[in-house]
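Working notes, beginning with the structure itself.
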Amino acid sequence: MELDSVNKAPLSLDEACESLISLLREPLSSSGCSSSVRAALRRLDDACGPSLATRTKFAKSQPQLLRAAIRFLTLKRSPAQRADIMRSMNRCHCTKCLMHLALEYKEDAPDEALVLNPKFMTHFIGTFTTLLSLVLVDLTRGRFRNAKSDKSSNAQPWPLEPNDLLPYGMKDSIQGFSGWASGNYGYEPHILQLVGKIASFHLPFCHEVVKPPYALSATLPLQQLENAMKRYADPSRRDLKERATEFESDVRLATNILQDLGLAIQSNVFFTADSKRTLSVFKRLLDHLSRLPIDREIFADMIPQFEDYVVIAQSHVDEDEGRIPQLGELLSRISLPSEDDPKEGYNMMVIARRGGCWNISCMANSEGLRTPLCAQCDLIRYCSKRVRAFQTAFLTIWQLTG
């Protein structure tokens, strides 16, 4: 039987939103139980619907919820304060809450897990980062929404201006996001994804993110990729396929920020801040992906992307060490499709043509970027003539291996 089915009456959408807004605004003074919060989150999930269009429409229709969420996520807090919030949200010991905990943890789970419920917090934080991201992705870069004369101040669309987007300012927001993204509970990749969407939409924030000490642009994404590998390797965390599915999702979320920063300002800081660590992480990620016990189609698009990242990271390691690799070594780093696998070759052509810059040192490789096709091959793309000029050496190698 579904645990929430024992509720006396299902929550209306307005009731669910009001309870969540109250919790986001005053997370330490909440008197509700985590099962009630789960029911509210599930009500939001139902309202979002199955399609991207309906989810985006719903997100835009809840400006109060969005404003409460962005304030919750960007307010600077100490580790102790964040832990207090998680304890407060899981303080209830009613029958329903204890039943949830019994399902989510083994009998030998540490006491801390019963207080800092990572699965619940991942659902909680992931819900709001997703809603915020949906709105930002649907906007034109740098163009805030217009105020509506027929709506009250509470009902105005979000975001109207930079202070509405980041109410505590850019620097404090970076510290607020960094705090939530520095743990190892499972919700951190969702924070990084939202940071990437904000950076892609609001370029001043993007420029701030890529400044030293590179917490959100390099250090924490690498840390979360390493944490994802550790969680996947932990046999005490559910069965192997469930861990593999969670691993694929976490890695995808945590690496989205690379694409968003690269598309926004063509930043390579992720690879330059700690090139050796970056190279090691992506080599291990590729090894893990090659052996995931789930349908390969789910993560097939990540393989060539991460192979490119390995090549980029290796080039920065070479530069840091003052090495100039020989042609044979360069050729060995380039992964080409097998002659005996036409499907693999076709998939590479589809990936190449559907968008993104093919200069291996350029981060602008997203499908959504409308880049011009190469005039010679009508297949691969470059984001500018300047970047195309830098790719001459790569084209030479491509011709030699053809």
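The values are calculated or read from the model by the stated rules, or taken from the named source; none is laboratory data. All values reported here derive from a predicted model rather than from experimental measurement. With ideal geometry, Cβ positions are generated from the backbone for all residues, glycine too; neighbour counts draw on all protein chains shown. With ligands, DNA and RNA removed, areas are computed over all heavy atoms of the protein, side chains included. Shrake-Rupley method; radii C 1.70, N 1.55, O 1.52, S 1.80 Å.
Tallying residues that are outside any helix (DSSP H, G or I) and within 26 Å of GLU161 (Cβ to Cβ) within segment 46-67 yields 2. Of all residues in segment 132-170, those that are open to solvent by 80 Å² or more (accessible area, probe 1.4 Å) and either touching a His at 6+ places or on another chain (Cβ under 9 Å) or of a type in the set (Asp, Glu) (or both) total 4. Would a scan of segment 30-41 turn up a residue that is modelled with pLDDT of 85 or more and of a type in the set (Lys, Arg)? Yes, that holds for at least one residue. Under the condition of being in a helix (DSSP H, G or I) and modelled with pLDDT of 50 or more, the residues counted in segment 102-134 number 17.
Counting only helices (runs of 4 or more DSSP H) that fall entirely inside segment 231-318 and contain at least 2 residues that are charged (D, E, K, R) and over 16 Å from the mean Cα position of the chain (by Cα), the qualifying elements are 240-265, 275-290.
Taking each residue of segment 9-30 that is over 13 Å from LEU41 (Cα atoms) and open to solvent by 40 Å² or more (accessible area, probe 1.4 Å) and looking for partners that are modelled with pLDDT under 95 and in a loop (DSSP other than H, G, I, E, B) with beta-carbon atoms closer than 8 Å, six or more apart or interchain, yields SER22/SER30. Quick check on LEU139: is it in a loop (DSSP other than H, G, I, E, B) and among the aliphatic types (A, V, I, L, M)? Spelling it out, LEU139 is indeed in a loop (DSSP other than H, G, I, E, B) and among the aliphatic types (A, V, I, L, M). Can we say LYS171 is modelled with pLDDT under 95 and in a helix (DSSP H, G or I)? So LYS171 fails the test. Condition (residue is modelled with pLDDT under 90, farther than 17 Å from LYS119 by Cβ and of a type outside the set (A, V, I, L, M, F, W, C)) applied to segment 68-77: is it met by at least one residue? Looking for residues that are modelled with pLDDT under 90, farther than 17 Å from LYS119 by Cβ and of a type outside the set (A, V, I, L, M, F, W, C), one finds none in segment 68-77, hence no. If the condition is being polar (S, T, N, Q) and either over 8 Å from the mean Cα position of the chain (by Cα) or over 11 Å from SER133 (Cβ atoms) (or both), then segment 174-205 contributes GLN175, SER178, SER182, ASN184, SER200.
Okay, residues lined up against (1) among the β-branched types (Val, Ile, Thr); (2) within 16 Å of ALA68 (Cβ to Cβ); (3) in contact (Cβ under 8 Å) with a residue 60 or more places away in the chain:
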residue: THR140; (1), (2), (3): yes, no, no
residue: LYS148; (1), (2), (3): no, no, no
residue: ILE174; (1), (2), (3): yes, no, no
residue: TYR187; (1), (2), (3): no, no, yes
residue: HIS190; (1), (2), (3): no, no, yes
residue: ALA199; (1), (2), (3): no, no, yes
residue: GLU208; (1), (2), (3): no, no, no
